[in-house]
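Student: Quick one: the structure is below, questions incoming.
The values are calculated or read from the model by the stated rules, or taken from the named source; none is laboratory data. None of these values were measured; they are calculated from a predicted model. Cβ sites come from the backbone with ideal geometry, for glycine too, and all protein chains shown count toward neighbours.
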Amino acid sequence: MDKPVRVRFAPSPTGRPHVGNIRTAMFDWLLARHTGGTFILRIEDTDVERRVEGAVEYMMDALNWLGLDWDEGPGKGGDYGPYYQSQRLELYQDAAAKLVAQGDAYYCYCSPERLDAMRKEQEARKQSPGYDRLCRNLSPQERAAKEAAGIKPVVRFKVPLEGQTKFHDIIYGDITCENSNIDDFVMLKSDGYPTYHLANVVDDYAMKISHVIRDEGWISSAPRHLMMYKALNYEPPQYVHHPVIVGSDRAKLSKRHGATSLLDFRNMGYLPEAMFNFLALMGWSLDDKTEIMTRQQVVENFSLERMGKTGAFFNIEKLDWMNGVYIRGLTVEDLTNRVLPFLEKDLPPEVKRPLDINYIRQIMPLIRERIKTLKDAATYADFFFVDKLEYEASMLIGKKMTTETALAALKGAEEKLSSLESFDHDLLEDSLRHLADDLGIKTGQLFNVLRVACTARDATPPLFETMVVLGKERCLKRIKIAISKLGNNSNL
RNA sequence: GGCGCAUUCGUCUAGCGGCCUAGGACGCGUCCCUCUCAAGGACGAGAUCACGGGUUCGAAUCCCGUAUGCGCUACCA
């Protein structure tokens, strides 16, 4: 095992937790658990404009659902708090002031309007956009004048005009960047809040983060962070950038690609263990064949070295398959408990609530190997609950059957079943097979008529098991209704 | 535009110089099982390893170009 790491997941509370972000959190968590390290949750709420009420709760909800427990952070405490950046403002301001004092940063008084005009002009001239460093060398008098005018400045980092910044990324390898390509970026906004660049450097250092795990999009800003570490005389962390999840158009997955919040997947009936397994396999692999792994197996085998470097397309068909595998592995009791809330929610309103859990327990073995998501349960099993079945009489007449033979089959079944002492699987099978013989039709033909009569479906769980759960009374009632449907239809 | 990163079946991936006439999985097709649907089993189609040059006895694997894609280039993260 490698040395225990200290890693952090640092989301900004701007909405519902994106599946890509949670995947990052999962890699953090995996590395922490694999090495016996510490997983920290830190809230990067430094953008007052974009802050969304309740977003932190959503985030924690999603993390908890996936089983990604954090050791330090909101609700947990820890020795390096507070874990909300909005409560650490002084730290950033001190760092910014220190950099200004030592000549590595400066106050900039340029208005947003000027910056905007500058960018437009650069674009028109096909120059690469970037701050023109107007305020980099303001004289004390000029600065005093701006201050006197009441302009609230931002603090910009004084990026070296030449040289290169190099760093080693554990996944992507060595990366080099010319300093001349980087402009004097803003570290501290005029409202006193830090930008991501400053805040993440200050906090990662203060919180003794050993490995920074974040998505690939950050590679190009890593050099800025390194410059600040150097200026602040901090030891930088290890960088681990990982590829993003992309949508069908290969662009980074976003809202317009459909469901993107982890919470959506929970609502769609995916199991957290399936989601965990699936997400782990997007970007990481154990070997050339292992796919289904318990959380524990993933933790034991996880390693950064086995992570890929190309963006992965979110293949929901494969998730469906995997979810099915996990559902099939559930005990009846477990499945029952997980399906219950979905049934309560998705069954037609006329079905009486609360649902009978013992009845549901009986249904589970019948649908367990047929559903792909928990949400499928309601559509798969609604005929167990509703009183009035809706279907076309023509459905009762199967292949090589006529109204007459179907009618005869139903009447024969009605007679046979009503005389049955007990309503168990073997007895049902035995008497119905004999009935088919007596009627001179194939067993399948008989069974299919009964299937439609009892369930209004032509695809259901095995007939006898289904009928047993439905019960004698209900089956006979439904068969009678089917007989009258056919009777009316034949118009005799 | 500049810079950065990436590029193996439709998709997720294995592969870190010879084991590759490229393996697994999802999906797809055929068959078996079977009361339907699933599940399960068997088989199959599917990748000239983006392209072009090198290096090497030998390259999907190393190097250099090109193309394409994505990202960054905000007082957003």
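Student: Is it fair to say A:TYR270 is part of a strand (DSSP E or B) and in contact (Cβ under 8 Å) with a residue 60 or more places away in the chain? Write out each step before concluding.
Tutor: Numbers: part of a strand (DSSP E or B): no; in contact (Cβ under 8 Å) with a residue 60 or more places away in the chain: yes.
No, not satisfied.
Student: Based on what the data block shows, is A:ARG42 over 18 Å from A:MET187 (Cα atoms), among the basic types (Lys, Arg), in contact with a Pro (Cβ under 9 Å, 6 or more places away or on another chain) and within 16 Å of RNA strand B (Cβ to nearest atom)?
Tutor: Values: over 18 Å from A:MET187 (Cα atoms): yes; among the basic types (Lys, Arg): yes; in contact with a Pro (Cβ under 9 Å, 6 or more places away or on another chain): yes; within 16 Å of RNA strand B (Cβ to nearest atom): yes.
Yes.
Condition check ((1) within 8 Å of RNA strand B (Cβ to nearest atom); (2) not in a loop (DSSP other than H, G, I, E, B)) across all residues:
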site: A:THR176; (1), (2): yes, yes
site: A:ASP184; (1), (2): no, no
site: A:HIS197; (1), (2): yes, yes
site: A:ASN200; (1), (2): yes, yes
site: A:ASP204; (1), (2): no, yes
site: A:LYS208; (1), (2): no, no
site: A:GLY217; (1), (2): yes, yes
site: A:LEU226; (1), (2): no, yes
site: A:VAL240; (1), (2): no, yes
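Student: Further question: Any chance you could count how many residues in the range A:221-249 are within 26 Å of A:SER303 (Cα to Cα) and touching a residue at least 40 places away in the same chain (Cβ under 8 Å)?
Tutor: Of all residues in the range A:221-249, those within 26 Å of A:SER303 (Cα to Cα) come to A:221-223, A:225-226, A:235-247.
Add one more test, that the residue is touching a residue at least 40 places away in the same chain (Cβ under 8 Å), and what stays is A:222-223, A:226, A:236, A:238-247.
So the count comes out to 14.
Student: One residue is enough: does the range A:136-156 have a residue meeting the conditions free of Cβ contacts under 8 Å to residues at least 12 places away in the same chain, more than 9 Å from RNA strand B (Cβ to nearest atom) and in contact with a helix residue (DSSP H, G or I) (Cβ under 9 Å, 6 or more places away or on another chain)?
Tutor: Scanning the range A:136-156 turns up at least one residue that is free of Cβ contacts under 8 Å to residues at least 12 places away in the same chain, more than 9 Å from RNA strand B (Cβ to nearest atom) and in contact with a helix residue (DSSP H, G or I) (Cβ under 9 Å, 6 or more places away or on another chain).
Student: Considering only residues that are more than 6 Å from RNA strand B (Cβ to nearest atom), under 17 Å from A:ILE245 (Cβ atoms) and not aliphatic (A, V, I, L, M), which ones fall in the range A:277-310?
Tutor: Within the range A:277-310, A:ASN277, A:PHE278, A:TRP284 qualify.
Yes/no matrix, rows are residues, columns are (1) modelled with pLDDT of 95 or more; (2) over 30 Å from A:ARG338 (Cα atoms); (3) exposed (fewer than 15 other Cβ atoms within 10 Å of the Cβ); (4) in the same structural domain as A:TYR205 (by TED's automatic domain parsing):
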{"position": "A:GLY37", "(1), (2), (3), (4)": "yes, yes, no, no"}
{"position": "A:LEU41", "(1), (2), (3), (4)": "yes, no, no, no"}
{"position": "A:VAL48", "(1), (2), (3), (4)": "no, yes, yes, no"}
{"position": "A:GLY73", "(1), (2), (3), (4)": "yes, no, no, no"}
{"position": "A:GLY78", "(1), (2), (3), (4)": "no, yes, no, no"}
{"position": "A:ARG114", "(1), (2), (3), (4)": "no, yes, yes, yes"}
{"position": "A:LYS120", "(1), (2), (3), (4)": "no, yes, yes, yes"}
{"position": "A:GLU142", "(1), (2), (3), (4)": "no, yes, yes, yes"}
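Student: Report yes if some residue within the range A:342-349 is more than 12 Å from RNA strand B (Cβ to nearest atom), over 24 Å from A:THR260 (Cβ atoms) and crowded, with 16+ Cβ neighbours inside 10 Å; otherwise report no.
Tutor: Within the range A:342-349 (the criterion being more than 12 Å from RNA strand B (Cβ to nearest atom), over 24 Å from A:THR260 (Cβ atoms) and crowded, with 16+ Cβ neighbours inside 10 Å), the answer is yes, since at least one residue qualifies.
Student: Just for the range A:90-112: of the residues that are in a helix (DSSP H, G or I) and surrounded by 16 or more Cβ atoms within 10 Å (Cβ to Cβ), which one is nearest to RNA strand B (Cβ to nearest atom)? Before you say what the answer is, go through the steps one by one.
Tutor: Of all residues in the range A:90-112, those in a helix (DSSP H, G or I) come to A:90-101, A:112.
Those left that are additionally surrounded by 16 or more Cβ atoms within 10 Å (Cβ to Cβ): A:91-93, A:95-96, A:99-100.
Values: A:LEU91: 15, A:TYR92: 10, A:GLN93: 13, A:ALA95: 15, A:ALA96: 12, A:LEU99: 16, A:VAL100: 15 Å.
Checked the range A:90-112; the qualifying residue nearest to RNA strand B (Cβ to nearest atom) is A:TYR92.
Student: Checking the structure you have, find out if any residue of the range A:186-199 is surrounded by fewer than 18 Cβ atoms within 10 Å (Cβ to Cβ), more than 29 Å from the chain's Cα centre (by Cα) and of a type in the set (Asp, Glu).
Tutor: yes
Student: Shifting gears a bit: Taking A:ALA453 as the residue in question, decide whether it is part of a helix (DSSP H, G or I) and out of contact with any Gly (no Cβ under 8 Å at 6 or more places or on another chain). Can you show your working first?
Tutor: Values: part of a helix (DSSP H, G or I): yes; out of contact with any Gly (no Cβ under 8 Å at 6 or more places or on another chain): yes.
Yes, satisfied.
Student: Residue check, A:SER128 against (1) under 20 Å from A:ASP204 (Cα atoms); (2) within 12 Å of RNA strand B (Cβ to nearest atom), all met but one. Which one?
Tutor: Going through (1) under 20 Å from A:ASP204 (Cα atoms); (2) within 12 Å of RNA strand B (Cβ to nearest atom) one by one, A:SER128 breaks only (1).
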